[in-house]
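Participant: Okay, here's the structure, questions in a sec.
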Amino acid sequence: MYTTDLRTAEEKAEEARKGVPRSALDTDALEAEFQARIDADAYIEPKDYMPDGYRKTLVRQMSQHAHSEIVGMLPEGCWVGRAPTLKRKMILIAKVQDEAGHGLYLYSAAETLGTSREELVRQLLAGEAKYSTIFNYPTTNWSDVCTIGWLVDGAAITNQIPLCRCSYGPYARAMVKVCKEESFHQRQGYEALLQMMKGTEAQKRMVQDSFDRWFWPSLMMFGPPDSNSAHSSQNMKWKIKRFSNDELRQRFVDATIPQAEFLGVKVPDVIVKNAETDHYDFGELDWDEFMAVVKGGGICASNRIDARKKALEDGTWVRDAASAYAEKQQVATVAAAE
Amino acid sequence: MADDWDLYEVFIRSKRGSSHKHVGSVHAVDSRLALESARDLYTRRSEGESLWVVAAKDILASDPLEGDALFGPAADKIYRHPTFYEIPDEVGKM
Ligand SMILES: [Fe+2]
Ligand SMILES: [Fe+2]
């Protein structure tokens, strides 16, 4: 197989039992070679030796990432029918379609590590896998959709750019493609907000209101503070992560505050430029809220998974029809050959 | 959920004159639908003008652990490279 190790557990056990005829089965040597490759900034590819922990961490992170893209379609997708103009509707459809694409690039990359798509989707629907908590907040009006583009996609880009150089080849390559597409998402959102800020007082209030609600949650997208982030140092050594949560969060704040000022929204008083560090200080985040949302306390948590289950069920007849048609075609081809 | 459909690897030729390059994979019920999905998934922004899909199970790949046995022997055949040969400057560019 070219990229993907889709052997079943039994097949793997069978091969292990037979004993693979190669001297290189010395795990220490393989592990040293693996780490040396990473230290040299080279990539790990699907069929290479990798420690179990590396494989597990990647499957977890990449599938969470894929799930986030897929669930992320929901708060925006529900605005396609209510977009204010045909132009905005076309843009939003394109953006939501991109997010579906991002999810699929990432599932495809995650599968190269030997976990099937079916299993990854099962984990999401069973509530066993996480996705970004940001998508458990509701989109209450059109300006929320624009703000998501600006802040949520903006934070995602900040997170994703370093992943383009992550040590696992298929993940890095998927991220290069994702990052190219994300830039449009952020720009369309910000531009739509600029447009609203030229509108009525009510429209300006809508922009301010959605900024106020989305700003802090978008900072939480970078994950818990470095002081209590569980997996950081090993992931740094494996170059799955290249910058800490706090570093990336700071980078995002520094980029976003000037954009907010240009847009003309009022930023929270606690945010001040620190003359010494040349960065924006932003105080402490409300991690209790974050943890509550992680544990499924977001307003929309159960809606999101129900919507995914419904999508899967509603699509059953399409998949059945495709299977039936493919079978018929195959019978016809065989008959024609005879 | 029903079993996954087969996995197909997707290759795109970005423009005439280039070769096809691997970009990812799709699941599909047959190769024809794999091509349709690959088109929707991987070419939303004029990324290519030709697509290949190949059933992943039909691809045989070399084993990275045999990399040395396969590719090592080429390393000491430096006489296969033009830089191995010294040509006097007077001869000019060759
Ligand atoms: Fe995305
Ligand atoms: Fe996006």
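The values are calculated or read from the model by the stated rules, or taken from the named source; none is laboratory data. Note that the structure is predicted; figures quoted are calculated from it, not measured. With ideal geometry, Cβ positions are generated from the backbone for all residues, glycine too; neighbour counts draw on all protein chains shown.
Participant: For residue A:94, indicate whether it is touching a Leu at 6+ places or on another chain (Cβ under 7 Å) and within 12 Å of chain B (Cβ to nearest Cβ). Break it down into steps so the answer makes sense when it comes.
Facilitator: Values: touching a Leu at 6+ places or on another chain (Cβ under 7 Å): no; within 12 Å of chain B (Cβ to nearest Cβ): yes.
Against the criterion (touching a Leu at 6+ places or on another chain (Cβ under 7 Å) and within 12 Å of chain B (Cβ to nearest Cβ)), residue A:94 does not qualify.
Participant: Right, residue A:76: among the charged types (D, E, K, R) and within 13 Å of another protein chain (Cβ to nearest Cβ) or not? Lay out the reasoning, then the answer.
Facilitator: Details: among the charged types (D, E, K, R): yes; within 13 Å of another protein chain (Cβ to nearest Cβ): no.
Here the answer is no, as residue A:76 does not meet what is asked.
Participant: Oh, and also: Please tell me if residue A:181 is more than 16 Å from ligand 2 (Cβ to nearest atom), assigned to a helix (DSSP H, G or I), surrounded by fewer than 23 Cβ atoms within 10 Å (Cβ to Cβ) and within 13 Å of chain B (Cβ to nearest Cβ). It would help to see each step written out before you state the result.
Facilitator: Numbers: more than 16 Å from ligand 2 (Cβ to nearest atom): no; assigned to a helix (DSSP H, G or I): yes; surrounded by fewer than 23 Cβ atoms within 10 Å (Cβ to Cβ): yes; within 13 Å of chain B (Cβ to nearest Cβ): yes.
Taking the combined requirement at face value, the residue does not satisfy it.
Participant: Another one. Give the residues of segment A:126-175 that are of a type in the set (S, T, N, Q), more than 15 Å from ligand 1 (Cβ to nearest atom) and not in a helix (DSSP H, G or I), sorted by residue number. Lay out the reasoning, then the answer.
Facilitator: Quick first cut of segment A:126-175, residues of a type in the set (S, T, N, Q) only: A:132-133, A:136, A:139-141, A:143, A:147, A:158-160, A:167.
Keeping just the survivors that are more than 15 Å from ligand 1 (Cβ to nearest atom) gives A:133, A:136, A:139-141, A:143, A:147, A:167.
Passing the criteria: A:139, A:140, A:141, A:167.
Participant: Scan segment A:107-118 for residues that are surrounded by 16 or more Cβ atoms within 10 Å (Cβ to Cβ) and either within 16 Å of ligand 1 (Cβ to nearest atom) or without any contact (Cβ under 8 Å) to a residue 40 or more places away in the chain (or both) and jot them down.
Facilitator: A:107, A:108, A:109, A:110, A:117
Participant: Looking at (1) among the hydroxyl-bearing types (Ser, Thr, Tyr); (2) modelled with pLDDT under 95; (3) within 19 Å of residue A:218 (Cβ to Cβ), can you tell me which one residue A:256 breaks?
Facilitator: Only one criterion in (1) among the hydroxyl-bearing types (Ser, Thr, Tyr); (2) modelled with pLDDT under 95; (3) within 19 Å of residue A:218 (Cβ to Cβ) is unmet by residue A:256, namely (2).
Results for (1) modelled with pLDDT of 95 or more; (2) under 19 Å from residue A:311 (Cα atoms), shown as yes or no for each residue.
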{"residue": "A:76", "(1), (2)": "yes, yes"}
{"residue": "A:80", "(1), (2)": "yes, yes"}
{"residue": "A:85", "(1), (2)": "yes, no"}
{"residue": "A:91", "(1), (2)": "yes, no"}
{"residue": "A:97", "(1), (2)": "yes, yes"}
{"residue": "A:102", "(1), (2)": "yes, yes"}
{"residue": "A:109", "(1), (2)": "yes, no"}
{"residue": "A:113", "(1), (2)": "yes, no"}
{"residue": "A:118", "(1), (2)": "no, yes"}
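Participant: Condition check: in a helix (DSSP H, G or I), within 16 Å of ligand 1 (Cβ to nearest atom) and among the basic types (Lys, Arg). Does residue A:204 satisfy that? Steps first, answer last, please.
Facilitator: Details: in a helix (DSSP H, G or I): yes; within 16 Å of ligand 1 (Cβ to nearest atom): no; among the basic types (Lys, Arg): yes.
Against the criterion (in a helix (DSSP H, G or I), within 16 Å of ligand 1 (Cβ to nearest atom) and among the basic types (Lys, Arg)), residue A:204 does not qualify.
Participant: Give, as residue ranges, the helices (runs of 4 or more DSSP H) completely inside segment A:227-338 that count at least 2 residues that are of a type in the set (Phe, Trp, Tyr).
Facilitator: Passing ranges, in order: A:245-263, A:287-292, A:316-337.
Participant: Is it the case, given these coordinates, that residue A:251 is among the basic types (Lys, Arg) and buried (at least 17 other Cβ atoms within 10 Å of the Cβ)? Please lay out each step first, then the result.
Facilitator: Numbers: among the basic types (Lys, Arg): yes; buried (at least 17 other Cβ atoms within 10 Å of the Cβ): yes.
Considered against the rule, which asks whether it is among the basic types (Lys, Arg) and buried (at least 17 other Cβ atoms within 10 Å of the Cβ), residue A:251 comes out as yes.
Participant: Within segment A:74-87, identify whether any single residue is in contact with an Asp or Glu (Cβ under 6 Å, 6 or more places away or on another chain) and either within 16 Å of ligand 1 (Cβ to nearest atom) or under 15 Å from residue A:184 (Cα atoms) (or both), and answer yes or no. Walk me through it before giving the result.
Facilitator: Step one: of segment A:74-87, the residues in contact with an Asp or Glu (Cβ under 6 Å, 6 or more places away or on another chain) are none.
No, the conditions are met nowhere in segment A:74-87.
Participant: A further question follows. Hey, can you tell me all the residues within segment A:306-338 that are under 25 Å from residue A:130 (Cβ atoms) and within 14 Å of chain B (Cβ to nearest Cβ)?
Facilitator: Going residue by residue through segment A:306-338, those that are under 25 Å from residue A:130 (Cβ atoms) are A:306-315.
Residues satisfying the conditions are A:308, A:309, A:310, A:311, A:312, A:313, A:314, A:315.
Participant: Then there is this: Just one of (1) surrounded by fewer than 17 Cβ atoms within 10 Å (Cβ to Cβ); (2) in contact with a Lys or Arg (Cβ under 9 Å, 6 or more places away or on another chain); (3) in a loop (DSSP other than H, G, I, E, B) trips up residue A:223, so point out which.
Facilitator: Among (1) surrounded by fewer than 17 Cβ atoms within 10 Å (Cβ to Cβ); (2) in contact with a Lys or Arg (Cβ under 9 Å, 6 or more places away or on another chain); (3) in a loop (DSSP other than H, G, I, E, B), residue A:223 violates only (1).
Participant: Counting only residues that are closer than 30 Å to residue A:91 by Cβ and basic (Lys, Arg), how many does segment B:36-94 have?
Facilitator: 3
Participant: Being within 16 Å of ligand 2 (Cβ to nearest atom) and either in contact with a His (Cβ under 9 Å, 6 or more places away or on another chain) or modelled with pLDDT of 95 or more (or both) is true for just one of A:38, A:70, A:44. Which residue is that?
Facilitator: On the way: A:38 fails: within 16 Å of ligand 2 (Cβ to nearest atom); A:44 fails: within 16 Å of ligand 2 (Cβ to nearest atom).
When all the criteria are applied, what remains is A:70.
Participant: From A:59, A:96, which residue is farther than 15 Å from residue A:172 by Cα, touching a helix residue (DSSP H, G or I) at 6+ places or on another chain (Cβ under 7 Å), touching a residue at least 12 places away in the same chain (Cβ under 8 Å) and surrounded by 16 or more Cβ atoms within 10 Å (Cβ to Cβ)?
Facilitator: Numbers: A:59 fails: farther than 15 Å from residue A:172 by Cα.
The match here is A:96.
Participant: Given (1) hydrophobic (A, V, I, L, M, F, W, C); (2) free of Cβ contacts under 8 Å to residues at least 12 places away in the same chain; (3) in contact with a strand residue (DSSP E or B) (Cβ under 8 Å, 6 or more places away or on another chain), where does residue B:33 come up short, assuming only one miss?
Facilitator: (3)
Participant: Out of (1) out of contact with any strand residue (DSSP E or B) (no Cβ under 9 Å at 6 or more places or on another chain); (2) surrounded by fewer than 24 Cβ atoms within 10 Å (Cβ to Cβ); (3) within 14 Å of chain B (Cβ to nearest Cβ), what's the single condition that is false for residue A:104?
Facilitator: Only one criterion in (1) out of contact with any strand residue (DSSP E or B) (no Cβ under 9 Å at 6 or more places or on another chain); (2) surrounded by fewer than 24 Cβ atoms within 10 Å (Cβ to Cβ); (3) within 14 Å of chain B (Cβ to nearest Cβ) is unmet by residue A:104, namely (1).
Participant: All but one of (1) surrounded by fewer than 16 Cβ atoms within 10 Å (Cβ to Cβ); (2) modelled with pLDDT of 95 or more; (3) within 16 Å of ligand 2 (Cβ to nearest atom) hold for residue A:261; state the number of the condition that does not hold.
Facilitator: All conditions pass for residue A:261, except number (3).
Participant: Being more than 16 Å from the chain's Cα centre (by Cα) and either crowded, with 18+ Cβ neighbours inside 10 Å or within 18 Å of residue A:132 (Cα to Cα) (or both) is the filter; apply it to segment A:184-194 and report the residue that is farthest from ligand 2 (Cβ to nearest atom).
Facilitator: A:193
Participant: Condition test on residue B:23, is it touching a Lys or Arg at 6+ places or on another chain (Cβ under 9 Å) and hydrophobic (A, V, I, L, M, F, W, C)? First the steps, then the outcome.
Facilitator: Working: touching a Lys or Arg at 6+ places or on another chain (Cβ under 9 Å): yes; hydrophobic (A, V, I, L, M, F, W, C): yes.
Answer is yes for this residue.
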